[in-house]
Amino acid sequence: MASDGSDREKVYELFERAVKDYICPEIWLEYAQYSIGGMGQESGIEKVRSVFERALTAVGLHVTKGATIWEAYREFENAILSTLQPSPGSIPSADQQQALNGQLEKICLLFKRQLGIPFLDMEATYAEYEEWSDEPVPETVVQLYKKAVQQMEKCKPYEEALLVAETPKLLEYQAYIDFELKGGDPARIQLIFERALAENCLVPDLWAQYTQYLDRRLKVKELVLSSHDRAARNCPWTVGLWKRYLLAMERHGVDHNIISENFEKALNAGFIQATDYVEIWQAYLDYLRRRVDFTQESSKELEELRSAFARALDYLKHEVEERFSESGDPSCSIMQNWARIEARHCNNMQKARELWDNIMTKGNSKFANMWLEYYNLERANGDTPHCRKALHRAVQCTVDYPEHVCDVLLTLERIEGSLEDWDAAVQKTENRLARVNEQRAKAAEKGAALAKQEEEKAEQRKKARAEKKASKKAKKNKTGEKRKAEEEDEEEWGKETEQPNKKHRGDGDIAFEDDDDNDDDIEEMEMGLFGRNPSKKIEDAHSKQKVKAAALKKGTEKVLHNVDKDSITVFVSNLSYNMADPEEKLKKLFEGCGEITEVRAVFSNKGTFRGYCYVEFKEEKSTLNALRLDRTIVDGRPMFVSPCVDKNRNPSFKPTFKYSTTLEKHKLFVSGLPYSCTKEELEELFKEHGCVKEVRLVTNRSGKSKGLAYVEYENEGQASQAVFKMDGMKIKEQVIKVAISNPPSRKQTDKPDTGTQPTSMVPRQVYGARGKGRTQLALLPRSVHRQSTPTTKSENGMSQEQEQVATSSTSTSEAEPKKLSNADFAKMLLKK
């Protein structure tokens with residue numbers, strides 16, 4: 001809509017903003033074509049040529065799209081040439097001829113420049129040049145053209161890979177970047193980086209690689225600083241990019257106020273970890289320290305540095321610690337650096353000692369390395385009495401390596417101390433080491449006692465199991481003998497009562513033994529209902545009874561497992577009880593893992609499948625492949641696949657958790673999902689913000705969703721963008737929460753029982769003769785009931801209990817509480 005000059009300038013400004021952020025040949029072409037519309041203005045032609053030249057510098061080497069800029073530039077120059085052509089029959093003047101020759105030379109030069117650059121379909125450009133030029137192509141141009149064709153052949157595989165790859169094509173671009181880095185052409189390297197960043201602008205590692213190349217190789221101020229600014233603007237959560245930006249600004253002499261402003265932007269960027277804030281503060285304090293001239297006793301820069309140190313400590317204590325429940329600097333590295341600067345550069349040991357005293361009061365006094373760090377500082381910048389005092393305190397307080405601190409104290413007194421000092425040091429170190437050895441001996445005795453108790457308990461358990469097994473075996477033998485005796489009696493009775501004239505079935509006749517009441521009843525029922533020969537029906541009834549008896553017999557057979565084959569066997573559980581022919585189905589499921597020796601399904605006494613089985617392979621590596629099928633959905637339920645381990649031999653064995661329980665910046669934790677939401681629906685929603693590698697719905701044992709999920713992206717940039725876009729979004733009328741996955745640490749509950757102290761100091765509650773009544777209910781309404789303990793939150797902002805539930809629900813079935821049998825309840829009653 002721009003009509004006059006002032007409006008066109010606004011459009012020019014808009015184009016300038018557009019071409020600064022990302023590389024885009026289409027925008028450059030549009031910019032050049034728009035500028036052609038202003039040719040009639042003062043120096044309009046020079047303006048157009050300037051835009052074209054800048055476009056060639058920015059995207060003229062683009063293998064697939066750069067040629068369009070060159071062609072548009074030639075068309076523009078050809079249009080000017082047509083205006084300079086004399087009319088037919090007229091003779092141009094000397095000035096006109098000179099202008100005409102100059103224009104022809106410009107077009108010829110554009111052809112030569114383009115033919116020296118590798119492009120797709122270069123042959124068409126070469127043919128066009130031959131047709132346009134009245135003279136043969138110069139040999140120098142031919143050589144440049146051949147060289148460009150060879151280069152194009154090298155680039156062609158990478159360009160073809162980009163054409164067929166799916167967005168964002170990060171791996172393909174990285175391979176292309178590595179290829180160009182080996183070539184070493186700065187212009188081409190810059191171009192491929194810009195092309196990659198246009199499609200992967202939220203990948204911090206790619207920005208870091210690009211800015212590092214610019215810092216070390218090109219070192220052009222405007223290019224370097226603009227790239228750092230774009231990197232920090234696209235990935236503000238990455239502290240490494242901000243640190244490099246501060247260094248680049250200092251390296252190129254940017255004004256102090258601008259550097260301070262960018263540091264404040266970094267503080268407000270919203271880093272994910274507490275340690276990120278420590279790093280950015282340290283980088284800024286290093287910059288401020290380099291500005292100070294320590295030859296002067298006092299200066300404005302020194303006071304600014306000291307105030308910045310004080311502000312950093314206050315910021316970490318209040319802002320960071322309130323958000324993350326930790327300062328991110330447990331060893332007080334910022335305070336240590338402040339103390340070193342005060343001691344070495346400002347000769348202010350009093351301030352340095354005050355700072356170190358503050359460091360030690362923050363729980364660092366028990367570490368030998370902290371005391372030795374302070375001792376070295378005192379040794380270099382302080383005096384011997386303070387060194388001695390520090391080491392004496394270190395001997396008294398150090399917990400981890402007291403021997404080392406004692407050696408350092410004795411070494412100091414050997415070089416610096418008097419006889420009294422030496423005696424005092426020897427006595428102090430001997431007393432301290434004696435106490436340490438005594439404590440270690442007690443700890444060793446306690447550990448040995450605990451180990452012995454564990455061994456005794458294990459032996460008792462083993463003995464009890466053996467006795468139980470022996471009693472079961474004796475009972476089984478007794479039952480077997482009784483059954484055998486009954487069978488013998490039945491056989492003898494059958495022989496005695498056998499009638500000589502007994503009829504047999506055949507030829508359509510029906511005959512039963514006289515004492516077979518059940519069969520007589522069946523015969524009477526069949527004849528009474530249908531009034532016809534019931535032989536077929538009765539035979540069917542007998543066959544069904546035989547099948548049922550076989551199933552009962554199969555159910556009573558015990559599935560034995562050889563513990564020596566644990567390494568080649570996996571235990572499969574949580575299968576559907578209604579699974580038809582589980583052995584065949586599981587063979588099909590696991591046949592891709594390796595050669596299967598046997599599948600042993602476990603059945604109940606009634607012949608029904610119990611939902612678990614053993615799968616034995618021929619080779620051990622096959623079991624590792626089988627374990628990867630853990631959580632596979634089978635008949636609508638997650639199938640659990642775990643190692644086959646004998647708990648009697650390995651009572652301390654615990655199955656390893658399949659998924660990570662630490663901070664994963666590329667993975668999201670999603671809560672508040674509708675129970676009807678499917679994995680495919682989630683993947684469709686989240687893939688709009690990047691390449692989704694995996695979507696995992698958290699389910700219970702029956703396969704039903706818990707309303708929680710994990711979404712894994714290729715990199716942390718895509719994950720962070722999804723958090724910004726998806727957190728608080730509504731799915732099927734439910735508001736979901738999206739955060740970076742950071743499960744809380746799992747509490748260790750399997751501590752050994754020392755046996756010396758009771759597990760609880762709370763007295764046992766005494767109930768009436770009938771025990772605790774069922775009607776003892778809390779009368780406080782649930783809506784006003786408050787939790788007794790506050791719910792802590794992890795770094796990602798999610799409730800730790802919420803993500804702990806999601807994490808534990810994916811662990812093996814052994815983590816669930818054990819179901820009590822009737823015998824267990826009877827034992828509990830007897831104990832009371």
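Annotations for the structure displayed:
- The phi torsions of segment 315-330, fed into the Karplus equation with coefficients 6.51, -1.76 and 1.60 and a -60° offset, translate into couplings of 5, 5, 6, 9, 6, 6, 5, 5, 7, 10, 6, 7, 7, x, 9, x Hz, rounded to whole numbers, with Gly and Pro shown as x.
- Inter-label distance, Leu104 to Arg631: 7.4 nm, where each label sits 7 Å from its Cα along the C-beta direction.
- With a threshold of 26 Å on the Cα-Cα distance, the over-threshold entries among Lys317/Lys351; Lys10/Lys112; Lys463/Lys565; Lys565/Lys606 are Lys10/Lys112; Lys565/Lys606.
- Working note: Karplus 6.51/-1.76/1.60 with θ = phi - 60° gives segment 75-87 the couplings 4, 4, 5, 5, 5, 5, 4, 5, 6, 8, 5, x, 5 Hz, where Gly and Pro are set to x.
- Exceedance of the 26 Å cut-off in Cα-Cα distance is limited, within the set Lys585/Lys732; Lys265/Lys732; Lys219/Lys265; Lys446/Lys468; Lys265/Lys300, to Lys585/Lys732; Lys265/Lys732; Lys446/Lys468.
- Checking every one of the chymotrypsin sites (Phe, Trp or Tyr not before Pro) in segment 1-109 against DSSP loop status and a limit of 16 other Cβ atoms within 10 Å picks out Tyr22.
- Among Ser567, Tyr577, Tyr612 - extreme Cα towards positive end, dipole of segment 566-643, charges at beta-carbon: Tyr577
- Relative to the current alpha-carbon distance between Lys679 and Ala580, full extension at 0.36 nm per residue lengthens the span by 32.9 nm.
- Rg/Rh, computed from the Cα trace of segment 566-643 with Rh as the Kirkwood radius, has the value 0.94.
- Size of charge dipole - segment 1-150 - debye, nearest 20, with Cβ of Lys, Arg +1 and Asp, Glu -1, no other charges: 420 debye
- For Asp407, solvent-accessible area (1.4 Å; no DNA, RNA or ligand), Å²: 90 Å²
- In terms of distances greater than 19 angstrom between alpha carbons, the cross-link table entries Lys243/Lys362; Lys65/Lys687; Lys65/Lys156; Lys704/Lys725 yield Lys243/Lys362; Lys65/Lys687; Lys704/Lys725.
- Environment charge at Leu225 (Cβ cut-off 13 Å; Lys +1, Arg +1, Asp -1, Glu -1): +2
- With a Förster radius of 45 Å applied to the beta-carbon distance between Asp121 and Ile91, the computed FRET efficiency rounds to 0.65.
- Segment 39-77: GluC sites (Glu not before Pro) falling in loop per DSSP and having at most 11 other Cβ within 10 Å: Glu42
- Distance between the 7 Å Cα→Cβ label points at Ala161 and Arg290: 3.7 nm.
- Pairwise label distance in nanometres, Glu297 with Arg610, each label 7 Å out on the Cα-Cβ vector: 8.9 nm
- Here the 3J(HN,Hα) profile of segment 24-32, calculated from phi with Karplus coefficients 6.51, -1.76 and 1.60 at θ = phi - 60°, is 7, x, 5, 5, 4, 5, 5, 4, 5 Hz, Gly and Pro shown as x.
- On full extension, the segment bounded by Glu598 and Arg701 gains 34.5 nm, given 0.36 nm per residue less the C-alpha separation.
- Other-chain or far-sequence residues with amide H under 5 Å of Lys65's (modelled H): none
- Between amide H atoms placed 1.01 Å from N, distances below 5 Å from Ile731 occur with Ile736, all of them 5 or more places distant or on a separate chain.
- Among the GluC sites (Glu not before Pro) within segment 309-339, those in coil by DSSP and having at most 16 neighbouring Cβ atoms inside 10 Å are Glu326.
- Length gained on full extension, Val149 to Glu75: 24.3 nm, using 0.36 nm per residue less the C-alpha separation.
- At an R0 of 51 angstrom, the distance between the Cβ atoms of Leu84 and Leu181 translates into a FRET efficiency of 0.65.
The values are calculated or read from the model by the stated rules, or taken from the named source; none is laboratory data. Everything quoted here is computed from the prediction, not taken from an experiment. Please note: Cβ atoms are built from the backbone with ideal geometry, for glycine as well, and neighbour counts cover all protein chains shown. Note: accessible area is taken over every heavy atom of the protein model, side chains too, but ligands, DNA and RNA are not part of it. Shrake-Rupley method; radii C 1.70, N 1.55, O 1.52, S 1.80 Å.
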